[in-house]
Amino acid sequence: MQPVIVVTQLGRQALHVVVEGALVIGRECEGLLLADVQTSRRHLEVRPHDGKLLCTDLGSTNGTFLDGVRITGPVVLERGSLLTLGDTAIRLAVAAPAGPGIGRATTIAGLEPDGDGADLRRTSIDLVADLVAADEWRPQLDAGTITILFSDIESSTERVSAIGDTAWFGLLELHNRAFREELAKYSGREIKSQGDGFMLTFSSVRRAIAFATAVQRRLAEHEVADPERAVRVRIGIHTGEVITDASGDLFGRHVNKAARIANLAAGGQILVSGTVREIAAGNHDVEFGAGVEVELKGLDGTHVVHELFWRPL
């Protein structure tokens, strides 16, 4: 069984990572990137070792600590121990990263409130949106009009329970690779990610639509080739004016609207706002469904949402 680590950074949700081989961790490296200024560019290397983790500091400036003691050579991380580097903590996972905070399938019909009107659904899209809202930022800069895309995997909690940790992390790796490779093709930008959820931005509606369609087609091809490892993704797109901080994080009601639209989608479905539909109206290669009027949590009034139709190649 390959070890799974839980990586916790200050002010961020925990990240679960399966360690299949040697993995470099640091602020600027080819492995696991940390948003932690206290860490070095290439801070630490970890690798599987008899079901545990062999950890080697790579000559970092601020050091790596095992249970509070600075390491001077390779050490083995066992369950119950804590590895710290800067403001980041690493431990071995005990169970699957499941729970009420990750994914579930929905339809465009809307949210399902409980008896008090509270939203029962908590998806990785919500987690990504919460990370944006919770980040501290100081200078409020006008970032202009940007197309925002939120996504996550349908019913990820159920998938983890059904197939187990190792198989799930394999699917997650496939999903993340597809997203990031297509993102590079369409010149998009990754703002946030959490578990199986992404927040991405694009300079135009056309690029966002082309990206979303390409991702769905790529995942559909994989489903045909290997139905047992199918990944069905929910996507929502909206365009609007946003504000940003010095680090490039985005804020504002249009970010929230994009997240809420994505939360209405089902697996394999792309939903867009009325604004996106209007901007893309002249693109004859794109087909939309009729508008549906919905209420979106945290936003006043009703909003029109359209399905963006796509076909496998």
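The values are calculated or read from the model by the stated rules, or taken from the named source; none is laboratory data. Quick caveat, the model's predicted, so the values are computed rather than measured. Cβ coordinates were reconstructed from backbone atoms using ideal geometry, including for glycine residues, and neighbour counts include every protein chain displayed.
Hey, can you tell me all the residues within segment 179-214 that are touching a residue at least 24 places away in the same chain (Cβ under 8 Å), of a type in the set (Gly, Ala, Ser) and part of a helix (DSSP H, G or I)?
Once the filter is applied, which keeps residues that are touching a residue at least 24 places away in the same chain (Cβ under 8 Å), of a type in the set (Gly, Ala, Ser) and part of a helix (DSSP H, G or I), segment 179-214 yields 208, 210, 212, 214.
Is it fair to say residue 272 is touching a His at 6+ places or on another chain (Cβ under 7 Å), part of a strand (DSSP E or B) and assigned by TED's automatic domain parsing to the domain that holds residue 146? Please lay out each step first, then the result.
Numbers: touching a His at 6+ places or on another chain (Cβ under 7 Å): yes; part of a strand (DSSP E or B): yes; assigned by TED's automatic domain parsing to the domain that holds residue 146: yes.
Judged against the criteria, residue 272 is a match.
Table: residues versus (1) surrounded by fewer than 19 Cβ atoms within 10 Å (Cβ to Cβ); (2) part of a strand (DSSP E or B).
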position: 221; (1), (2): yes, no
position: 235; (1), (2): no, yes
position: 255; (1), (2): no, no
position: 259; (1), (2): no, no
position: 281; (1), (2): yes, no
position: 299; (1), (2): yes, no
position: 304; (1), (2): yes, yes
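Answer yes or no as to whether residue 129 is modelled with pLDDT of 80 or more and aliphatic (A, V, I, L, M).
In short, no.
Looking only at segment 149-167, filter to residues that are β-branched (Val, Ile, Thr) and out of contact with any Lys or Arg (no Cβ under 8 Å at 6 or more places or on another chain); which one of those is farthest from residue 307 (Cα to Cα)?
Going through the qualifying residues, I end up with 166.
In segment 47-72, what residues are more than 26 Å from residue 37 (Cβ to Cβ) and exposed (fewer than 14 other Cβ atoms within 10 Å of the Cβ)?
50, 51
I'd like to check something: does segment 156-178 contain any residue that is assigned to a strand (DSSP E or B) and in the same structural domain as residue 288 (by TED's automatic domain parsing)?
Within segment 156-178, the subset assigned to a strand (DSSP E or B) is none.
No, the conditions are met nowhere in segment 156-178.
If we keep just the residues of segment 18-51 that are without any contact (Cβ under 8 Å) to a residue 24 or more places away in the chain and either in a strand (DSSP E or B) or assigned by TED's automatic domain parsing to the domain that holds residue 175 (or both), which is farthest from residue 78 (Cα to Cα)?
If we take residues in segment 18-51 being without any contact (Cβ under 8 Å) to a residue 24 or more places away in the chain and either in a strand (DSSP E or B) or assigned by TED's automatic domain parsing to the domain that holds residue 175 (or both), then 33 is farthest from residue 78 (Cα to Cα).
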